[in-house]
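Note sheet for the following structure.
What follows draws every value from the coordinates through simple rules; no lab data is involved. All of these numbers come straight from a predicted model, not from anything done at the bench. Cβ: placed from backbone, ideal geometry, glycine included. Neighbour counts: every protein chain shown.
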Amino acid sequence: MPLNEPTLEKIRELLSSTFELTEDETAPDKALFSSGRLDSFNLIELLGKLETEFGVKVGSGEVSLENLDTAQRMTDFLILKKKST
């Protein structure tokens, strides 16, 4: 079974189903971690889901607000990760 390609819609669906966030809360540029909506415990769960769903390995040096604070940033980051593998 081929691994999913990261898209904004798939990221938003994953965030919504995993953390019970509303459509507004998963808007592309809505801050998730810097706003306090999600915390460090959620981050660990999110990383596991992203790695499983999209077949990537996120290194500790890549875990940052720049890469993961919004659904759009996650999408852009994962697309670049997939291209480099």
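If Lys and Arg each add +1 and Asp and Glu each add -1, what is the summed charge of the other residues whose beta carbon sits under 15 Å from the beta carbon of D69?
Local net charge: -2.
Mind running the shape call on the chain? Use the C-alpha gyration tensor, a ≥ b ≥ c as the square roots of the eigenvalues: rounded below 1.5 for a/c, prolate if a/b tops b/c, oblate otherwise.
prolate
Taking 7 Å along the Cα-to-C-beta vector as the label spot, tell me the S64-S16 distance in nanometres, rounded to one decimal.
Reported label-point gap for S64 and S16 is 3.0 nm.
Measure nothing fancy, just the Cα-based angle from helix 71-84's long axis to the longest principal axis of the chain, in degrees from 0 to 90, nearest 10.
Taking the Cα atoms of the chain, the angle to 71-84 is about 10 degrees.
Relative to the longest principal axis of the chain, what angle (0 to 90°, nearest 10) does the C-alpha long axis of helix 40-54 take?
40 degrees
Let me check against my output: what whole-number percent is the relative contact order of the chain, with C-alpha pairs under 8 Å and at least 6 apart?
The normalised contact order for the chain reaches 40 percent.
For V56, V63, which order do you get if you count the other beta carbons within 10 Å of each Cβ and list the fewest first?
V63, V56
Order by neighbour count: F77, F41, fewest other Cβ atoms within 10 Å first, most last.
With the fewest neighbours first, F77, F41 line up as F41, F77.
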